[in-house]
């Protein structure tokens with residue numbers, strides 16, 4: 001089943017085709033290459049995500065739909081120095097890079113790619129059939145104020161037990177990715193999805209990149225409020241992609257606990273300066289255990305060389321307390337608070 005728990009990895013081969021067969025039904029729904037498209041789950045600048053069912057099995061999936069024409073119009077210009085010519089990179093190039101990364105990702109704590117349907121027409125669409133996480137994102141965000149809340153509730157905090165479960169699963173997903181020399185580069189609550197059994201899976205590999213042997217990444221992609229201090233300092237020449245992901249996991253844990261982020265400024269320059277300085281203040285009232293706060297402080301270690309890697313964080317007593325060997329025993333349930 002596509003919606004199985006994190007304890008059961010799925011290893012079916014990826015279905016790929018450049019032939020798009022659409023069937024429209026009398027109730028207004030449609031089938032694309034054997035997948036019955038259902039309701040909208042979410043949308044972004046370049047893609048829509050809908051729930052779908054495979055007609056042959058009735059298994060649930062999500063289908064991510066891109067319009068090629070719109071992707072081609074979004075261009076970035078790089079290079080031009082050192083005698084080299086200007087290079088043009090489109091959003092379509094980024095989608096193909098995302099697909100290349102997802103082809104290789106097979107882990108119970110990461111969203112899996114199942115099928116790629118790529119219409120070769122210039123104005124065609126790309127359909128990615130991916131694993132369905134029934135409970136959706138761990139948290140949603142009110143972008144103007146960068147306030148986080150639990151979907152379908154007014155809760156601004158997940159509570160320590162659920163936060164521990166979610167960040168532990170996130171770190172397990174990152175352990176796999178970093179072991180494959182992949183930096184995710186956009187870890188945040190919206191990209192951490194919860195399946196029907198309460199497991200968190202790392203999703204959205206739009207800006208993910210393969211790292212060289214030294215794990216250095218040059219270029220700052222992702223969400224500004226989740227940037228690490230080393231990414232925001234003047235004279236930036238690159239950073240360790242693993243340690244930046246760990247920092248972003250720390251900002252995500254902060255959001256799980258407090259419904260906010262440690263650094264937020266409406267002005268981008270001031271935001272990046274404050275992150276680079278890395279001096280944060282906890283909310284005036286904390287209900288979390290000292291062990292939880294110590295874990296958070298380790299994730300948010302300002303100096304990258306002093307910041308623990310994922311393996312070190314997963315050995316922390318707070319992270320392992322009360323969890324089975326697979327990390328999934330006794331999944332705590334969210335109770336709205338805040």
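A few remarks follow.
- Yes/no for residue 23 being assigned to a strand (DSSP E or B) and over 26 Å from the mean Cα position of the chain (by Cα): yes
- If you go through region 265-311 and keep only what is within 20 Å of the chain's Cα centre (by Cα) and either part of a helix (DSSP H, G or I) or modelled with pLDDT under 95 (or both), you end up with 296, 299, 310, 311.
- Qualifying positions in region 258-279 - surrounded by 16 or more Cβ atoms within 10 Å (Cβ to Cβ) and over 17 Å from residue 158 (Cα atoms): 263, 271, 272, 274, 275, 276, 278
- Members of region 34-48 found to be surrounded by 17 or more Cβ atoms within 10 Å (Cβ to Cβ) and at pLDDT below 95, listed by number: 41, 46, 47
- Scan of region 280-294 for residues that are without any contact (Cβ under 8 Å) to a residue 60 or more places away in the chain and within 17 Å of residue 157 (Cα to Cα), ordered by number: 282, 283, 284, 285, 286, 293
- The criterion of at least 2 residues that are surrounded by fewer than 24 Cβ atoms within 10 Å (Cβ to Cβ), in contact with a strand residue (DSSP E or B) (Cβ under 9 Å, 6 or more places away or on another chain) and modelled with pLDDT of 95 or more is met by the following strands (runs of 3 or more DSSP E) wholly inside region 123-188: 125-131.
- Where a residue in region 75-98 is on the phi < 0 side of the Ramachandran plot and assigned by TED's automatic domain parsing to the domain that holds residue 45 and its partner, wherever it lies, is at pLDDT 90 or above and loosely packed, with under 11 Cβ neighbours inside 10 Å, with Cβ under 9 Å and at least six apart: none
- In region 280-295, the residues that are surrounded by 18 or more Cβ atoms within 10 Å (Cβ to Cβ) and within 12 Å of residue 258 (Cα to Cα): 288
The values are calculated or read from the model by the stated rules, or taken from the named source; none is laboratory data. Everything numeric in this text was worked out from a predicted model, so none of it was measured. Because the Cβ atoms are built from the backbone with ideal geometry, glycine has one as well, and the counts that use them run over all protein chains shown.
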